Amino acid sequence: MKILSVVIPCYNSEAYMNKAINSALAGGDDVEVIIVNDGSTDRTKDIADQFEKKYPGIVKVVHKENGGHGDAVNTGLEIAKGQYFKVVDSDDWLGEEAFIKVLKVLKNSVKANAGLDMLLTNFIYDKAGAYHKKVMRYNKALPKKRILGWDEKIKFGKSQYILMHSVIYRTELLRQCGLNLPKHTFYVDNIFVFKPLPYVEKIYYLDVNLYHYFIGRDDQSVNEKVMISRLDQQIRVNKIMIDIFIQSKVENKRLYRYMFQYLDMMMCVSSMMALLSGEERNMEQKEELWDYLKEQDEELYKKLRKTFFGKIVNVKTGAGRKVSIGIYRAVHKIFGFN
């Protein structure tokens, strides 16, 4: 029985996929490494096939037509045999020592039939050229080294969001919640994290730096210029998250607060990209997003408009927008994202 399925979506990843795959192979026979070749046109297919041939009991390769990152994750989830599920992007990698500790926790959980739904670890913003690498930790948000639920003392700070890099979900929970990410859409990792949350009952936080999140390629989806050019996709994801939040009807106060905070951040990101662009069409898309929220749930709309983020991205004057952009730049410098 495999403890963990590690899915690595690859699209024209020949230059860097080896590092991601080798880092997952450090888990040995406890893991299955599913390489999803998403219609690549370079040597990605050949490299993936070489790994499958060399590690036949561990590596599985799927070649498919291009459907985007989310569709590759869907494909991995369909065939995953592991008790737990982790996505590693092809330009990122896992720290070996931390990975072994993670697998130990997951194995013990399975052995004890503990019913663990979600395991969280730290991740590193491995930004190219940066001497100091920022680590996203959850040590002040969550108790360590024990299983806990949403009713316990959980308090995420404004910068402590659960991202795909930090989360490992129970595989069957992802299927139970009906996770199905949209095709040909960037930024679906937010849906991957967000949609399963109402199904999560048991959480474990392991204070290790597992995931290295590389930032630095010009064509990377989180590059600011790229994000602005793909604002329509960011907003598409944002609307799906609005629908998820409304339809989930979350009753637990702490979980509600966290999901509300996450949605607040997403509304801010979409709106801020429109502000940064200064383009009329993007500003229209921003207004359409807020109008969509109001149509779906006017009370939620009012609450989000009153938050700090909601206020700074909805200023009407040119001077006010300049202040908002200045605040964003300051936050960007502090946290080192993008």
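The values are calculated or read from the model by the stated rules, or taken from the named source; none is laboratory data. Everything numeric here is computed off the predicted structure, so don't read it as measured data. Positions of Cβ are generated from backbone atoms using ideal geometry, with glycine treated the same way; all protein chains shown enter the neighbour counts.
For this structure, a couple of remarks:
- Of the residues making up the range 1-27, those that are farther than 24 Å from ASP126 by Cβ and at pLDDT 95 or above number 2.
- Output for the range 221-239, where each listed residue is among the polar types (S, T, N, Q), in a helix (DSSP H, G or I) and surrounded by fewer than 17 Cβ atoms within 10 Å (Cβ to Cβ): SER229
- Taking the conditions (1) at pLDDT below 95; (2) crowded, with 19+ Cβ neighbours inside 10 Å in turn, SER159 satisfies each one other than (2).
- A single entry from THR185, THR171 fulfils the requirement of being of a type in the set (Val, Ile, Thr), farther than 25 Å from THR307 by Cα, out of contact with any strand residue (DSSP E or B) (no Cβ under 8 Å at 6 or more places or on another chain) and not assigned by TED's automatic domain parsing to the domain that holds ILE235: THR185.
- Qualifying residues in the range 121-169 (those that are closer than 28 Å to ALA80 by Cβ and of a type in the set (Phe, Trp, Tyr)) - the one nearest to the chain's Cα centre (by Cα): TYR161
- Being assigned to a helix (DSSP H, G or I), in contact with a Leu (Cβ under 6 Å, 6 or more places away or on another chain), of a type in the set (Val, Ile, Thr) and farther than 29 Å from LYS19 by Cβ holds for only one residue in ILE246, ILE242, and it is ILE242.
- Given (1) modelled with pLDDT under 95; (2) of a type in the set (D, E, K, R); (3) touching a strand residue (DSSP E or B) at 6+ places or on another chain (Cβ under 9 Å), number of the condition ARG217 does not satisfy: (3)
- Flag if LEU293 is part of a helix (DSSP H, G or I), closer than 27 Å to ASN223 by Cβ and in contact with a Gly (Cβ under 7 Å, 6 or more places away or on another chain): no
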